[in-house]
1. Within the range 401-411, track down each residue that is assigned to a loop (DSSP other than H, G, I, E, B) and over 11 Å from L170 (Cα atoms).
2. Name the residue, out of G247, G257, that is at positive phi, touching a strand residue (DSSP E or B) at 6+ places or on another chain (Cβ under 9 Å) and in contact (Cβ under 8 Å) with a residue 40 or more places away in the chain.
3. Tell me, which residue of the range 207-235 that is among the aliphatic types (A, V, I, L, M) and more than 13 Å from the chain's Cα centre (by Cα) is surrounded by the fewest Cβ atoms within 10 Å (Cβ to Cβ)?
4. Just the residues that are surrounded by fewer than 16 Cβ atoms within 10 Å (Cβ to Cβ) and assigned to a helix (DSSP H, G or I), please, taken from the range 258-273.
5. So D176 passes all but one of these: (1) in contact with a strand residue (DSSP E or B) (Cβ under 8 Å, 6 or more places away or on another chain); (2) closer than 24 Å to K260 by Cβ. Which condition number does it fail?
6. If we scan the range 242-257, do we find a residue that is at pLDDT below 95 and surrounded by 23 or more Cβ atoms within 10 Å (Cβ to Cβ)?
7. Which one is surrounded by the fewest Cβ atoms within 10 Å (Cβ to Cβ) among residues in the range 55-107 that are under 19 Å from the mean Cα position of the chain (by Cα) and β-branched (V, I, T)?
8. Step by step: first the residues of the range 93-146, then only those that are part of a loop (DSSP other than H, G, I, E, B) and of a type in the set (G, A, S), then the one that is nearest to A173 (Cα to Cα). Which residue is that?
Amino acid sequence: MTHPAMQRRQFITAIGALGATAAAGIQPRLNAAPDAPKPADDGPLLAGTPAVFAPSPSGFTVTLPVRRAAAAWVEYGETKDLGLRAGCDPFGFVPQDDTAVKIRVSGLKPGTRYYWRATLRPNGDLDPAAEIRTDTYTAKTLDPAAAATRFSVWNDTHDQAATIQSLFGLRNAKDDFLLWNGDLSNNVNDPALLPGLYVSPKKVDLAKGPPILLTQGNHDHRGLHARGMHRYVDFPGDRSYYAFRSGPVAFVALDTGEDKPDTHPSFKGVPASEPHLAEQARWLAEIIALPGFRDAPYRVVFCHIPLRWTNEGPQDYAKKGFDRVSLRGRAAWHDSLVRWGAQIIISGHVHRAGLLAPDARFPYAQLLGGGPGRSANDHPTVITGDADARQFRITCTRVEDNETLHDLVLKPLA
């Protein structure tokens, strides 16, 4: 048996050797070997076009997809001369990432159009020659005090490039925002798909349209990398549910989560939709009592899975059944929505445009958009809203032939 004193000397010797190798920059078994190959420099630093998310009265977020580690900042201003710079994250660093750099531009005026341009450089490279710049774009902040507001709604695009391109071709430059109402994705099991799903779809420069607000759909919750969505997009308040005011309309955006119980084996333990619905219920009861929401002339809810539908029967989840209506969400939120005076719920999910009128049990209408266009009976739609002090017109139009499928007019609440 080795004497205790000898054991102690051997231990100290071993520690000293480890310290020496660490000081020399050699860290076996802890990091990659010093001669490990470096990532290939394959293509431009910017991995597509940028997008603008989460508009508010005081700012917006620019997302820049990148191929490798990069730092970035945004120059902005009320004229093409720019003159101001946003380049600090919430923790005091230059915004940087190896997949997508998000930059919040804040301290802005409500209802004001700003010019902006982003600059990127490889992390650690201070040579100005290594910097690249995007085109100069514009983005407008929201205005809660405006006399009117306009917006468009997409839903269930499911990574269908041709559908997204068609929808984008119909964009309205006068819109205050685009609401992308869930199921941008299918099953997110490949992280390489994320930039094209959320920031830079094929042949579409989202930064050339109105700023984007999102809801999460059930497919956006699905897959081992689904939770990576928030690295690419931005939500107001850093949550997938939020409320905002634009002109005479108060909007609430809710996250209906998955279309089956969280315990369904196909989900592999990824979603926690049920506690998330309860969390939103507590928040909703508080938000509807705030000034600007409790007294808004018009009151609208966005959520991916509808809270009403024609088929509300039980589903056989063991035989590929799924919820066409969010009964769990409705149970959690209905009383607050009625108390608030919600006039309409705008959803997607069933891939069929439809409209259910208010009735005694449900005093709010339910409007649904179409699908991604993957079959003869699956027609993409765009829903538009145009509100002023007199009326609020909401129209659902089929993209392929511009046919109006549903057209309703809401009057301001007393």
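The values are calculated or read from the model by the stated rules, or taken from the named source; none is laboratory data. Model, not experiment: these values are computed from the prediction. Counting neighbours? That spans all protein chains shown, and the Cβs are built from the backbone with ideal geometry, glycine included. Note: areas computed on protein heavy atoms with side chains; ligands, DNA, RNA excluded. Shrake-Rupley method; radii C 1.70, N 1.55, O 1.52, S 1.80 Å.
1. Correct list: D401, E403, K411.
2. Checking each option against the conditions leaves just G247.
3. L224
4. Listed by number, the residues that qualify are P265, S266.
5. All conditions pass for D176, except number (2).
6. Yes: the range 242-257 contains one or more residues that are at pLDDT below 95 and surrounded by 23 or more Cβ atoms within 10 Å (Cβ to Cβ).
7. T99
8. Residue satisfying both the conditions and the ranking: G111.
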